[in-house]
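**Student:** Please see the structure below; I have some questions.
The values are calculated or read from the model by the stated rules, or taken from the named source; none is laboratory data. Everything numeric in this text was worked out from a predicted model, so none of it was measured. Every residue, glycine as well, gets a Cβ built from its backbone with ideal geometry; the counts of neighbours run over all protein chains shown.
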């Protein structure tokens, strides 16, 4: 690959050293999702320029850093909304979003219903499901990833 020594292994154009740093950045997003995180700060931590970080992250994980972070935040928001102890606005800020409008539109895009509608409906059917399976089942799916009904 141009720009890399012949001995340097790459996967999808991402070096193994970069992949290690990208995984650390992804782990930070998983852990610190409620903190103010942005691409330039994550890129600095990964010792990359913001553009290289974004391109490499997408090549390695199939989505942009912003999209990944918002998915983590929406996952956590769904859990908080199921508990029903916080308002939608409180949940928005608790998961690290600074704009209720952006939070609500992104939530609706990923979940298929508004945060208020999600909070209002019963979630008792999932109560006996172990948390590790519930997380898989309730993970937000982007509209472009949702399967279309056959014949459309």
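**Student:** What residue, among those in the range 104-146 that are closer than 12 Å to residue 75 by Cα and at pLDDT 90 or above, is surrounded by the most Cβ atoms within 10 Å (Cβ to Cβ)?
**Tutor:** Only one residue tops the list, namely 107.
**Student:** Please verify whether residue 43 is assigned to a helix (DSSP H, G or I), under 15 Å from residue 26 (Cα atoms) and in contact with a helix residue (DSSP H, G or I) (Cβ under 7 Å, 6 or more places away or on another chain), treating the condition exactly as stated.
**Tutor:** Here the answer is yes, as residue 43 does meet what is asked.
**Student:** Within the range 93-126, track down each residue that is closer than 24 Å to residue 66 by Cβ and touching a residue at least 40 places away in the same chain (Cβ under 8 Å).
**Tutor:** Result: 94, 95, 96, 98, 110, 118.
Quick grid of which residues meet (1) crowded, with 17+ Cβ neighbours inside 10 Å; (2) over 18 Å from residue 96 (Cβ atoms); (3) in the same structural domain as residue 115 (by TED's automatic domain parsing); (4) modelled with pLDDT of 95 or more:
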| position | (1), (2), (3), (4) |
| --- | --- |
| 37 | yes, no, no, no |
| 47 | no, yes, no, no |
| 50 | no, yes, no, yes |
| 56 | yes, yes, no, no |
| 77 | yes, no, yes, yes |
| 83 | no, no, yes, no |
